[in-house]
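A.B. asks: Pasting in a structure now, in C-alpha cells, and then I'll have a few things to ask.
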Amino acid sequence: MVREPASPVKDQNYDLIHALQLSLEHIWRLETYIADAENRGDQELATWFRKMQENNRKAGEQGKQMLLARMQRDG
C-alpha cells in the first residue's frame, strides 16, 4: 500500500474539509453514473448509485454542520 506524503497543512480541520469536498464531488459525479446506467436500462445499478449518492448527501450535510460549528467555536 502506497501512502501519500503527509499534508503540509497542519490545520485541525484540513481532513474534515477534504472529506467534505470528496463527498460533495461524489454526489455530482454519481449523476453521470446514474444516467449511464439508466441509458443502458440497468435500473438495479442506477438504484444502487442513487443510494450511494444519498449517503454522500447525508455525509456532506453532516460535514458542513460540523465544519460550521468548529469555525464558529474557533472564531
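The values are calculated or read from the model by the stated rules, or taken from the named source; none is laboratory data. All of these numbers come straight from a predicted model, not from anything done at the bench. Here the Cβ positions follow ideal geometry from the backbone for every residue, glycine too, while neighbour counts run over all protein chains shown. Heads up: the accessible areas ignore ligands, DNA and RNA and are worked out on the full protein's heavy atoms, side chains in. Shrake-Rupley method; radii C 1.70, N 1.55, O 1.52, S 1.80 Å.
A.B. asks: Scanning the stretch 1-27 for residues that are modelled with pLDDT of 75 or more and among the polar types (S, T, N, Q), which turns out nearest to G60 (Cα to Cα)?
C.D. replies: S23
A.B. asks: Moving to a separate point now. Looking at the stretch 32-46, which of its residues are exposed (fewer than 13 other Cβ atoms within 10 Å of the Cβ) and either over 18 Å from the mean Cα position of the chain (by Cα) or among the charged types (D, E, K, R) (or both)? Please lay out each step first, then the result.
C.D. replies: Initially, the stretch 32-46 is screened for residues exposed (fewer than 13 other Cβ atoms within 10 Å of the Cβ), giving 32, 35, 39-41, 43-44.
Passing the criteria: A35, N39, R40, G41, Q43, E44.
A.B. asks: Cβ-Cβ below 9 Å, separation at least six or inter-chain, first residue in the stretch 38-57 and among the small types (G, A, S), second surrounded by 13 or more Cβ atoms within 10 Å (Cβ to Cβ): which pairs?
C.D. replies: Filtered contacts from the stretch 38-57: A46/Y33; A46/I34; A46/D36; A46/A37; A46/E38.
A.B. asks: I want to confirm something. Restricting to the stretch 59-69 and keeping residues that are in contact (Cβ under 8 Å) with a residue 12 or more places away in the chain and open to solvent by 70 Å² or more (accessible area, probe 1.4 Å), which single residue is farthest from the chain's Cα centre (by Cα)?
C.D. replies: Among those that are in contact (Cβ under 8 Å) with a residue 12 or more places away in the chain and open to solvent by 70 Å² or more (accessible area, probe 1.4 Å), it is M66.
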